[in-house]
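Before any comments, here is the structure.
None of the figures in this text is laboratory data; all of them are computed from the coordinates on show. Remember, it's a predicted structure, so these values are computed and weren't measured experimentally. Ideal geometry is used to build each Cβ from the backbone, glycine not excepted, and the neighbour counts take in all protein chains shown.
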Amino acid sequence: MVTEGMADIALCLVITKTLLAAWALLSAAEWFANLHLFRSDGLLTWNILRLRPHLLIPPSVRHRVHAESAVSAVLVCRIAAGLLLLIPYPNPADLPCSLLILLSCFYMSRRTWFGGDGSDQMGMVIAAGVAIISAGLALDDMNLAASGVFAISGQAVLAYFVAGAAKVVSPVWRDGNALLGVMKTRTYGHSLAASFAAERPAFCKFVCWLTIGTEMLFPLVLLAPPGVAIASLCCFALFHFSNAYFMGLNAFVWPFLATYPAVMLAHSAVRNWMGWV
Amino acid sequence: MSLVSILLYSVVTLWLVITLLAQHSRFQSVINRFNGLHIIPRWTFFAPNPGVRDYHLVIRERYRDGRLTDWKSVPVYPARPKLAYLWNPQKRASKILTDAIQAIKLLLKRDDVGLSGLPFTVPYLLLLHYAAHAVPAEPDAAEFQIAIIESTGHLERELECSFLSSFHSRW
């Protein structure tokens, strides 16, 4: 039984770390394309950002640690870690590589201050979870590995539920205007979707409530029959692909899909605990 | 169950509970104080108030004799690429601009900052510094001023100036 459980967690690790690697490579490559932002005349120049309070690095090395070359070095480390994570399981590099990606997440969030998004947050969650699961499998400690699964699935359930709850208290989401408003922007919108939505307020309201409802009901995936749970996760994956297409949120796809193997393991554990299997 | 497992389960449970609390504005100021590494995520995507405006930065200069130049657009990020669903690095610069402008709006509402304290804040200085370097100075220009323009729409654009800075020395 324990061996079977470990095999399930190992399969979860293989899928999760592959998607983590995809996100790490994509996010690092996109930051590389933005290295000019870190120069002295860039939007993230250290000449200005060093003025903010609560800096953690000692003043004597602060400038070097936050220089453009240091950012490049951190991104190279993230790329190397992402590539090494693609080595098939069992891979002794999984633990150090996921920890390296986690540290790079901490560094980039401190260094950039502005410009981070939900994909960075979920990438950090996945890196932490993969590190714990890898440690559990390396030490042959199933409970340790399961705590990593708990971390990822717990944050995934919270992420979807909170996203829905924050929308349901918002009048612009409830009346459907949020969809048209966002689609009308060039930053996150889509011209065809905006012109389609502009003439169909009922459709906008339906899409907004569909988003609110499905996000808030995400925790029920843990209780649903296996077929329904898998079908639901496929629908959520489609939701992320459509967000990538219409809103340009390409980096959200990989870390959010990376939570699904852990969610399915949590689903099995919950149904076992309820005596439904 | 090993001691390490019990410890990790406790830490993960605490992490999830704090994450849940952090989504409510009542607890955010307290949690943010200990969230220097951003280990507590915020999951309120595009809610409660979704971004329904594009932000633009513009700059103009004042010559020594008092004449003003036309407003010029400060290039922050190019248009979204057609394959943005695969590759979209431009989103970082647009998100930085959005975050900085949102921070400026919040600082303007604070009693201890307001309009008089704003020029001494990091988001303001960041945009001012960037605009001053992104657009070359006109010969004989002595001072410059930036403005934040908000827009909506794809073909027919509605524009609104939401913030106008004071004049600052060019040199």
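Seen from every direction in turn and averaged, the convex hull around the alpha carbons of the stretch B:1-101 projects onto 12.0 nm². Residue by residue, the stretch B:46-55 carries 3J(HN,Hα) couplings of 6, 8, x, 10, x, x, 10, 10, 8, 10 Hz when phi is fed to the Karplus relation 6.51 cos²θ - 1.76 cosθ + 1.60 (θ = phi - 60°); x denotes Gly or Pro.
The calculated FRET efficiency for the pair A:Arg174 and A:Ser60, based on their C-beta separation and a Förster distance of 51 Å, comes to about 0.45.
When N is the residue count of chain A, what does its C-alpha Rg come to as a fraction of 2.2 N^0.38 Å?
On the way: Rg = 20.6 Å, N = 277, 2.2 N^0.38 = 18.6 Å.
Taking N as the residue count of chain A, the ratio is 1.10.
Only Lys, Arg, Asp and Glu carry charge here, each on its Cβ (+1 for the first two, -1 for the last two); on that basis the stretch B:1-96 has a dipole of about 300 debye about its Cα centre. Charging the Cβ of each Asp and Glu at -1 and of each Lys and Arg at +1, and nothing else, the dipole of the stretch A:2-273 about its Cα centre rounds to 860 debye.
Based on the Kirkwood radius over alpha-carbon pairs, what value in µm²/s does the Stokes-Einstein equation return for the translational diffusion coefficient of the stretch A:31-176 at 37 °C and 0.692 mPa s? Please report the intermediate quantities before stating the final value.
On the way: Rh = 17.5 Å.
Translational D for this selection: 187 µm²/s.
Phi angles across the stretch A:94-104 convert, under the Karplus curve 6.51 cos²θ - 1.76 cosθ + 1.60 with θ = phi - 60°, into 3J(HN,Hα) values of 4, 5, x, 5, 5, 5, 5, 5, 4, 5, 5 Hz, Gly and Pro given as x. Between B:Gln102 and A:Ala237, the simple spin-label model (points 7 angstrom out along Cα→Cβ) gives 3.0 nm. Kirkwood hydrodynamic radius computed over the stretch B:54-169 comes to 15.4 Å, based on all pairs of distinct alpha carbons. Comparing A:Met142, A:Tyr107, A:Val228 along the charge dipole axis of the protein assembly as shown, the residue lying farthest to the positive side is A:Tyr107, per the Cβ-charge model. Here the 3J(HN,Hα) profile of the stretch B:26-35, calculated from phi with Karplus coefficients 6.51, -1.76 and 1.60 at θ = phi - 60°, is 4, 9, 4, 5, 5, 5, 4, 4, 10, 10 Hz, Gly and Pro shown as x.
Taking 0.36 nm per residue of separation and subtracting the current Cα-Cα distance, fully stretching the chain between A:Trp209 and A:Leu103 would add 34.4 nm. What distance in nm separates the two pseudo spin-label positions at B:His168 and B:Trp87, each 7 Å out from Cα along the beta-carbon direction? Simple spin-label model gives 3.4 nm for this pair.
Using the number of other C-beta atoms within 10 angstrom as an exposure proxy, rank A:Arg174, B:Arg80 with the fewest first.
A:Arg174, B:Arg80
Share of pairwise Cα-Cα distances greater than 15 Å in the stretch A:60-112 is 49 percent (whole percent).
Is the C-alpha gyration tensor of the stretch B:1-46 telling us rounded, prolate or oblate? Criteria: a/c under 1.5 is rounded; beyond that, a/b larger than b/c is prolate, otherwise oblate. Verdict is prolate for the stretch B:1-46.
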